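We did not get these values from a lab; they are worked out from the coordinates using the rules stated. Here the structure is a predicted model, which is why all the values come from computation and not from measurement. Every residue, glycine as well, gets a Cβ built from its backbone with ideal geometry; the counts of neighbours run over all protein chains shown.
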Amino acid sequence: MSQNVTARPVVAGPARAWRTRRNRYGLVGSHCRSCQSCSFPPRRRCPRCADAVQEEAVFSGRGTVICLAEDHSPLAGHGDRAPRPFAMIRLEEGPVLMAEVVDAEYDGLSPEQPVEMVIRKWRPEQSGLALYGFKFRVAS
Amino acid sequence: MNPAVGIVDLAFAAPSGRLATADVETVWQSGSAKRSGVHERAVLDPDADVITLAAEAARRLKLPSNIGAIFFGTQSSPDLSRSAAAVLADMLGIAPAVFATDVRFSGKSGTAALAMAIAWVRAGFSEYALAVGADALCLRAAPGDPLEITAGAGAACVLVGNTNIAARFEALASTASDAADGFRLEGDPYVRSGGAGFASSGIGDLQHMVGAWKLLLARLGDGANFAAVAAQQPDGRLTGRLARAAGIDAELFTGGSVAPMLGDLGAASPLAALLRQMEGRQPGDRVGLLSYGFGAGSDALSFIVERPIEAASFHQAIERRRSVDYPTAVRWEGRYRRHAHPLSVFE
Amino acid sequence: MTIKAEIIGVGMARHGYRADSGWRDLVFEAGSGAIADAGIERSSIDGGLVSVTCPEAFEQQNLGPLTAEELDLPSGPFAQVVGACAGGTMAFMQGVNMIRSGQSECVIVVGVEKMSDVYSVSDALLSYPDQDYEAPAGFDYVDTMALMHARYMQKYDVAPEHVAAFAVQDRWYASRNPNAIDYRRGALGIDEILRSGWASRPITRAECARGCDGAAAVILARAGGNASRRRAIKVASITAATGPNAMGTKFGAWPGDDDIAEAVPTRIAAERAYREAGITARDVDVAQVHDCFSVMGSLHLEGLGIFPRGEAARAVASGETALGGTCPTNTDGGRIGLGHPTGATGISIVCETVTQLRGEAGERQVAGARVGVAQSMGGNNAVSAVAVLKGN
C-alpha cells in the first residue's frame with residue numbers, strides 16, 4: 001500500500017514470476033523415478049543419483065520444522081509486519097525449504113513441530129502485481 | 001424433471017487476527033460498536049487477500065479432478081480487470097481447462113456465484129463447479145467509519161456437483177433493483193452508505209431480502225418447513241430485524257451466527273452461516289440461504305439435506321484466533337498509506 | 001617452467017560512510033596507493049580487474065575500462081568481475097591466472113563499493129539470494145544466515161555468547177586499524193552485543209557487518225620479474241569452490257549430515273588450496289575469514305580446518321583468534337569491524353594478509369607470520385574462495 005516515488009523504470013515484467021507460479025502455489029517440485037528422491041525446487045537431474053529423467057511431483061504441503069529464526073529488519077514491501085518467524089522446513093516427501101511461519105509467535109514454535117503449507121502474498125512484483133507463494137503455519 | 005444438483009462440500013477460512021470492536025472505539029468513540037452486535041472482527045494479514053483466503057478454504061475441500069468452472073464472488077478483488085478465479089484455478093491445479101469468472105454484487109457476490117455454479121452443473125456443462133464467496137471488507141472501510149468497526153475478512157468455498165450431494169438444490173428466488181444504500185465508485189477505495197434514510201427504512205436490506213424470501217416460499221408452495229436459515233450478517237442485528245420483517249422464527253438463524261465473532265464477512269457471510277447450519281443436520285431437513293448485497297439485491301435459496309457436512313474448517317478458523325490491537329490492525333490493513341522506503345534515516 | 005605470481009603492492013581506501021567520495025575517488029585512493037607501494041610506473045601495468053558487487057548503487061556498469069581510465073593505465077585487458085561478496089577474491093584469482101598464463105606481466109586488481117549511496121543496503125543486495133523462492137518471500141542474507149546461526153547452535157550445542165565473541169575480537173583489531181570504521185572505538189562487550197537488538201533473531205545488530213564505502217587494490221607480478229621485490233609476497237595458491245545457493249538445497253547436497261551449519265565450499269576450496277601450497281591447516285599463522293555475520297566467521301574457520309567442526313565459536317570465545325592465540329583471525333577488524341564494502345572485501349583480505357606477512361601490521365602484527373590464508377564467501381556459501389600467501 002505504498003507509493004514509490006522514484007524515477008527508476010520498471011525493469012522486470014510479470015513473465016518471470018509466471019514461470020514459477022505452479023511451484024509457488026502447489027509446491028510443485030520433481031521426483032526421480034530411479035531413486036525415488038524428491039526435490040524442491042524441481043531439478044533437471046537428480047541431485048542424488050544424477051538420473052536426468054525427472055517427473056513432476058506435487059507435494060502435500062505437510063512438513064516439520066528443523067530450526068527457527070525471526071526477522072526484525074523487514075525489506076521493502078514487508079515493512080508492516082516485523083517481527084516475522086521463519087524456518088527451515090523438511091517436507092514429508094523429503095525436500096527442505098526456507099519459509100515464513102504465519103499465525104504464530106517465535107516463542108510458540110519449536111524444532112520438530114508439524115507445519116502445513118498455506119498460500120500468502122510475498123513481496124509485490126516490480127509491476128505492482130501481487131506475488132503469491134508458500135508459507136507455513138502450525139498444522140491443525 | 002431437472003437433474004439433481006447440490007452442494008457436495010463446503011469450507012471456510014478467515015485470518016487469525018481478531019480486533020475487539022471496543023478497541024476501535026477508544027480512538028473514534030462513535031458508540032456504534034455496542035449497537036452493532038459485533039464483539040470482535042477478523043483482521044486481514046498484510047500478506048493475505050481474498051485469493052489467499054479462498055485458496056486456504058478450497059484446500060480444505062477434497063477437490064475432484066474434473067471441476068469445469070470457478071465462480072469467484074467478491075467485491076474486494078485485488079485486480080480490477082483480471083479475474084481472481086483464474087488465479088485461484090492455477091493455485092488449485094485446475095488450470096487451464098476451466099471456465100473462470102469473477103462475480104460481483106456487493107454482499108451477495110457469494111450466493112450469486114453459488115447460483116451460477118448450480119445452474120452450470122444443472123445445465124450439464126460439467127459434473128462439478130466451485131463457487132467462492134470471499135471478501136476483505138476491512139480494506140474497503142474508511143478510518144473512523146462505522147464500517148471499520150465491523151468489517152472483517154473471510155472466504156467460503158462451495159463444491160457444487162451432481163453426485164454425492166450433501167444438500168440438494170431445491171429452489172431459487174431473487175430480487176434486484178437500483179437502490180444505492182451502499183456504493184463504491186471507480187477510484188474510491190472506501191465503501192459508502194446511502195445514508196440514514198435507506199438504513200432506517202429498510203428499503204435496501206429488508207425489502208429485498210423479504211421480497212426474495214416471499215418469492216421463494218411461493219415457489220415452494222404451502223407446507224414448506226425450514227429446519228434452519230443461513231442469512232447475511234453485516235452485523236449482529238440484521239437477522240433479528242429480518243426475522244420480524246419476514247415472519248421467520250428467529251431461532252432458525254441461531255445456529256448460523258458468524259458476525260459477532262468475525263464481523264461483516266461480505267460475500268462469505270451467508271455461506272459461512274450455511275456451513276455452520278449444515279453441521280448436525282438430519283436427512284430431509286430443509287435449509288434456507290438468504291443473502292443481501294447493497295445497491296441492492298437478495299438471493300434466497302432452499303436446499304434439502306441428504307447428509308450433514310462437518311463444519312471443522314469453521315471451528316478451526318475460530319480456534320486459531322489471535323488478539324490484535326487497533327494500531328496493529330491499522331498497520332496490517334494499510335489504513336495509512338506509506339512509502340516503501342522511509343523518507344528519513346532510522347538511526 | 002610454470003610462471004608464479006607474487007604480490008608487489010597493496011593499497012586501501014579508508015572504509016566508512018564517505019558521501020563526499022565517489023567510486024572513482026575510492027578507486028584512485030586504493031589504486032594509486034598500491035602502485036606507489038609497488039614502486040612501479042603506471043606504464044608497466046598491462047592488465048587489470050575491478051570487482052564491484054552493486055554498481056547499481058552508483059548506476060554505472062562496464063567498470064573495467066572506466067577504472068583503467070581513472071588510474072591512467074595503458075590500454076590492455078581490464079574486466080569487471082562479479083562474485084557476490086567473494087567477487088574481490090575471484091578477481092584476485094583471475095589476476096593470478098593472467099600472470100600464470102603469461103598473458104600479462106603486471107596486473108592491478110581493484111575492488112570498490114559505494115554502499116552509502118543507496119537507501120537500503122539489504123534491498124540493494126537483494127538480487128543475490130535466490131530470486132525464485134527466497135528473496136521474493138522476503139528473505140535477505142541476514143535471514144538466511146540467522147538460520148545458519150540457529151542451526152549451528154542447535155547442532156553443536158553452542159551458546160549465543162560464543163558466537164557473539166567473534167564480534168568482540170573483530171572490534172579489538174578494528175580499533176587498531178586506521179582504515180577501519182571502528183578505528184579508535186572502545187572494546188565491545190558480549191552483553192552490549194546481545195542487548196543491541198535483533199537484526200534477525202538470533203543475529204543481533206552488533207553481529208552484522210556494515211555494508212559501507214571502501215576500496216582495496218593489489219598489484220600482481222611475475223615472480224622473478226623486473227620490478228623491485230624486497231617486499232613481494234608469494235601467491236602459494238588460490239582457488240574457489242561452489243555449492244548450492246538456495247538454503248533448502250544444502251540439505252542432502254553433501255555426504256554425511258552437512259547442511260547449513262557447515263561451510264562446505266570453504267572446506268573444499270581450502271583442501272585444494274592447502275594441497276597446492278604444500279601446507280596443512282596447522283601451518284596457518286594468520287587467517288582472514290568472511291564474517292558478514294558473527295556466526296559465519298566461526299563457520300569459515302571450521303571450513304578452513306583451523307578448528308574442528310562445531311568448535312570454532314568456543315575457541316574464539318576462549319581467545320584463540322587473538323594475537324598470541326592458536327590462529328589470530330581477521331586482524332584488520334573483519335567485515336564487522338573494518339567494514340564490508342562488498343566488492344572490495346575479497347581484496348582487502350589479501351591486502352591485510354600481505355601486510356601481516358611483511359611484518360608491517362604494527363599493533364595488530366602476528367609475530368613471525370609466514371603463512372597467511374585469506375577466505376571470502378559469496379552468497380549463502382554458494383561460493384568460497386581461498387588464497388594461501390607466503391612471506392619470505
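Using +1 at the C-beta of Lys and Arg and -1 at the C-beta of Asp and Glu, which of B:Gly263, B:Ala199, B:Cys157 has the Cα lying farthest in the positive direction of the dipole of the protein assembly as shown?
Comparing the listed Cα positions along the dipole, B:Cys157 ranks first.
Based on the Cβ-Cβ distance of A:Glu105 and B:Ala123, what FRET efficiency does E = 1/(1 + (r/R0)^6) give at R0 = 30 Å, to the nearest 0.05?
On the way: r = 49 Å, r/R0 = 1.65.
Computed FRET efficiency for A:Glu105 and B:Ala123 comes out at 0.05.
Sum up the charges of everything whose Cβ sits under 10 Å from the Cβ of B:Pro78, counting Lys and Arg as +1 and Asp and Glu as -1, but leave B:Pro78 out. Could you put the intermediate results ahead of the total?
Details: positive: A:Lys121, B:Arg82; negative: B:Asp49, B:Asp79.
Charge balance near B:Pro78 sits at 0.
I'd like the GluC sites (Glu not before Pro) in the stretch C:1-107 restricted to DSSP loop residues with at most 11 other Cβ atoms within 10 Å, sorted by number.
Numbers: sites: C:Glu6, C:Glu29, C:Glu41, C:Glu56, C:Glu59, C:Glu69, C:Glu70, C:Glu105; in loops: C:Glu41, C:Glu59, C:Glu105.
Listed in order of number, the matching sites are C:Glu41, C:Glu59.
Roughly how crowded by other chains is peptide C:202-214, in terms of the mean Cβ count from those chains within 10 Å of each of its Cβ atoms?
Whole-number average of other-chain Cβ neighbours for C:202-214 is 1.
Report the label-to-label distance for C:Thr326 and B:Arg82 in nanometres (one decimal), using points 7 Å from each Cα along the Cα→Cβ vector.
With each label placed 7 Å out from Cα toward Cβ, I get 5.5 nm.
At a 10 Å Cβ-Cβ cut-off, how would you order C:Asp283, C:Asp291, fewest neighbours first? Kindly include the intermediate steps, with their values, before the conclusion.
On the way: C:Asp283 14, C:Asp291 30.
Ordered by Cβ neighbours within 10 Å, fewest first: C:Asp283, C:Asp291.
Would you kindly compute the Cα radius of gyration of the stretch C:296-344 and its largest Cα-Cα separation (Dmax), both in Å?
Answer for the stretch C:296-344, Rg first and Dmax second: 11.2, 32 Å.
For the stretch A:91-134 and the stretch C:1-58, write down the distance between their C-alpha centroids in whole Å.
Between the Cα centre of the stretch A:91-134 and that of the stretch C:1-58, the gap is 44 Å.
Antiparallel versus total DSSP beta bridges in chain B: what percent is that, nearest 5?
Numbers: 40 of 60 bridges.
Expressed as a percentage, antiparallel bridges in chain B total about 65.
How charged is the neighbourhood of C:Tyr133? Take every other residue with its Cβ under 14 Å from the Cβ of C:Tyr133, and add Lys/Arg as +1 and Asp/Glu as -1. If you can, show how the numbers build up before the last one.
Values: positive: A:Arg16, A:Arg19, A:Arg21, A:Arg22, A:Arg24, A:Arg43, A:Arg120, A:Arg123, A:Lys135, C:Lys250; negative: A:Glu100, C:Asp130, C:Asp132, C:Glu134, C:Asp140, C:Asp143.
With Lys, Arg at +1 and Asp, Glu at -1, the neighbours total +4.
Could you tell me, in Å, what Rg and Dmax come out for the Cα atoms of the stretch C:1-82?
For the stretch C:1-82, the Cα-based Rg and Dmax read 13.6, 48 Å.
Can you tell me what share of the DSSP beta bridges in the protein assembly as shown is antiparallel? A percent to the nearest 5 is fine. Before the final figure, lay out each step's value.
Working: 111 of 146 bridges.
Bridges in the protein assembly as shown that DSSP calls antiparallel: roughly 75 percent.
Along the principal axes of its C-alpha atoms, what lengths does chain C span, in descending order and rounded to whole Å?
55, 43, 43
Running Debye on the stretch B:200-273 with equal point scatterers at the Cα sites and no solvent, what base-10 log of I(q)/I(0) appears at q = 0.15 Å⁻¹?
Debye curve over Cα of the stretch B:200-273, log10 I(q)/I(0) at q = 0.15 Å⁻¹: -0.50.
Once both labels are modelled 7 Å past Cα along the beta-carbon direction, what's the B:Lys214-C:Glu192 spacing in nm?
With each label placed 7 Å out from Cα toward Cβ, I get 8.1 nm.
So what J values fall out for the stretch B:257-274 if you push phi through Karplus, 6.51 cos²θ - 1.76 cosθ + 1.60 with θ = phi - 60°, rounded to Hz, Gly and Pro as x?
5, 10, 5, x, 10, 10, x, 7, 8, x, 4, 7, 4, x, 6, 5, 4, 5
Using 1/(1 + (r/R0)^6) with R0 = 22 angstrom and r between the beta carbons of C:Arg370 and C:Arg272, what's the FRET efficiency to the nearest 0.05?
Values: r = 21 Å, r/R0 = 0.94.
Efficiency computed from Cβ-Cβ geometry: 0.60.
Tell me, what HN-Hα J-couplings in whole Hz come from the Karplus equation 6.51 cos²θ - 1.76 cosθ + 1.60 at θ = phi - 60° for each residue of the stretch C:215-221, using x for Gly and Pro?
8, 8, 8, 10, 10, 9, 9
Using the reciprocal of the averaged 1/r over all distinct C-alpha pairs, how large is the Kirkwood radius of chain B in Å? If you can, show how the numbers build up before the last one.
Details: mean 1/r = 0.0500 Å⁻¹.
Hydrodynamic radius (Kirkwood, Cα only) of chain B equals 20.0 Å.
In µm²/s, what is D for the stretch B:167-305 at 37 °C and 0.692 mPa s, where D = kT/(6 pi eta Rh) by Stokes-Einstein and Rh is the Kirkwood radius from Cα pairs?
Translational D for this selection: 215 µm²/s.
Relative contact order for the stretch A:20-59: what is it in percent, counting Cα pairs under 8 Å that are at least 6 residues apart? Write down the numbers at each step before the final one.
Numbers: 73 pairs, mean separation 16.6, N = 40.
Once normalised by length, the contact order is 41 percent.
Given a cut-off of under 8 Å on Cα pairs at least six residues apart, what relative contact order in percent is computed for the stretch A:60-140? Don't jump to the answer; show the numbers that get you there.
Values: 170 pairs, mean separation 24.9, N = 81.
Averaging sequence separation for qualifying contacts and normalising by length gives 31 percent for the stretch A:60-140.
Principal axis extents for the stretch A:20-59, Cα atoms only, whole Å, descending order, please.
Principal-axis extents of the Cα atoms in the stretch A:20-59, largest first: 27, 14, 12 Å.
Please compute one quarter of the surface area of the Cα convex hull for the protein assembly as shown and express it in square nanometres. Intermediate results must be reported in sequence, preceding the final value.
Working: hull surface 156.1 nm².
Mean shadow area of the hull around the Cα atoms is 39.0 nm².
Can you tell me the Rg and the Dmax, both Å, for the Cα atoms in chain A?
Considering chain A through its Cα atoms, Rg and Dmax are 16.9, 53 Å.
Find how many whole Å separate the alpha carbon centroid of the stretch B:287-321 from the alpha carbon centroid of the stretch B:75-98.
Their Cα centres are 22 Å away from one another.
Hey, can you grab everything whose amide H is under 5 Å from the amide H of B:Gly182? Only 5+ residues off in sequence or another chain; H modelled, so Pro and N-termini drop out.
Counting only residues 5 or more places away or on other chains, the set is B:Gly194, B:Gly295.
Zone of B:Gln282 (label point 7 Å along Cα→Cβ, backbone N under 13 Å): which residues in the stretch B:205-240?
B:226-228
Starting from the exponent 0.38 and prefactor 2.2 Å, build the expected Rg for the stretch C:256-392 from its residue count and divide its actual Cα Rg by it. Kindly include the intermediate steps, with their values, before the conclusion.
Details: Rg = 13.5 Å, N = 137, 2.2 N^0.38 = 14.3 Å.
Computed over Cα atoms of the stretch C:256-392, the ratio equals 0.94.
Using Cα-only point scatterers and the Debye equation, what is log10 of I(q)/I(0) for the stretch B:91-181 at each q in 0.11, 0.16, 0.25 Å⁻¹, rounded to two decimals?
-0.43, -0.80, -1.35
Residue by residue, what Karplus-based ³J(HN,Hα) values in Hz, rounded to whole numbers, does the stretch A:13-27 have, using 6.51, -1.76 and 1.60 with θ = phi - 60° and x for Gly and Pro?
Here the 3J(HN,Hα) series is x, x, 5, 5, 5, 4, 5, 9, 4, 5, 5, 6, 7, x, 6 Hz.
A:Arg62 versus B:Ser200, label points 7 Å from Cα toward the beta carbon: distance in nm?
Those two pseudo-labels are separated by 5.8 nm.
Between the alpha-carbon centers of the stretch C:351-392 and the stretch B:131-153, tell me the distance in whole angstrom.
After rounding, the separation between the Cα centres reads 61 Å.
With a cut-off of 8 Å between alpha carbons and a minimum separation of six or more residues, what is the relative contact order of chain C in percent?
Details: 986 pairs, mean separation 100.5, N = 392.
This gives 26 percent for chain C.
In a GNM of chain C with a 10 Å cut-off on Cα contacts, which of C:Ala206, C:Ala187, C:Ala91 has the highest mean-square fluctuation?
Fluctuation is largest for C:Ala187.
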